[in-house]
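First up is the structure itself, then whatever we jot down about it.
The values are calculated or read from the model by the stated rules, or taken from the named source; none is laboratory data. As the structure is a prediction and not an experimental result, all values here were calculated from the model. Cβ sites come from the backbone with ideal geometry, for glycine too, and all protein chains shown count toward neighbours.
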Amino acid sequence: MKRAPLTQAGVERLRNELERLKSVDRPRIIQAIAEARAHGDLKENAEYHAAREQQGFAEGRIQAIEAALSFAEIIDVSKLNAGTRIVFGATVDLVDLDTDEEVTYQIVGELEADIKQNLISVNSPMARALIGKSEGDTAELVAARGTRNFEIAGVRYA
């Protein structure tokens, strides 16, 4: 399996989630299964089946996080010295040249990507359009809705 890049902040988020799953969610689910078993017939016990399903999801997520962390290549973004050039870990301020809308993204590993927090995967089309460019350049994103052009207003590594 190839090593997946993760930022230090992403590793901390994954470790926190893993700790929560193991110390909070797992015991809660085990308790819910025990309570549902006490109600009797398991064949028609919706609470039991729901708790077992939750257990499957939680255990699967625990395994996925543990595997990801074991193969992670942790990159300390604050020690990167790329200047104004965009590389993995960069926080990029963009201006949409068509709408003048401003947006900020950080380019992170695939496992820590979360568009709601403006964390985009290094493998995403947007990140691929930005990697290697510098502050002041324009980037062209070819998307399903058409081509969008962005000016790179700022690049920082925090």
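The set of residues in the range 46-93 being in a loop (DSSP other than H, G, I, E, B) and surrounded by fewer than 16 Cβ atoms within 10 Å (Cβ to Cβ) consists of Phe71, Asp76, Leu80, Asn81, Ala82, Gly83, Thr84. Applying the criterion of being exposed (fewer than 14 other Cβ atoms within 10 Å of the Cβ) and assigned to a loop (DSSP other than H, G, I, E, B) to the residues of the range 119-153, the residue that is nearest to the chain's Cα centre (by Cα) is Asn123. Quick test for you: out of Val95, Val87, Val103, Val77, pick the one residue that is among the β-branched types (Val, Ile, Thr) and within 20 Å of Arg15 (Cβ to Cβ). Only one candidate qualifies: Val77.
Scanning for something outside the structural domain of Arg13 (by TED's automatic domain parsing), farther than 17 Å from Thr7 by Cα, part of a loop (DSSP other than H, G, I, E, B) and not basic (Lys, Arg), does the range 101-108 turn up at least one residue? The answer is yes; a qualifying residue exists.
Every residue, every condition in (1) touching a Lys or Arg at 6+ places or on another chain (Cβ under 9 Å); (2) of a type in the set (A, V, I, L, M); (3) free of Cβ contacts under 8 Å to residues at least 24 places away in the same chain, yes or no:
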position	(1), (2), (3)
Lys43	no, no, yes
Ala72	yes, yes, no
Glu112	yes, no, no
Ala139	yes, yes, no
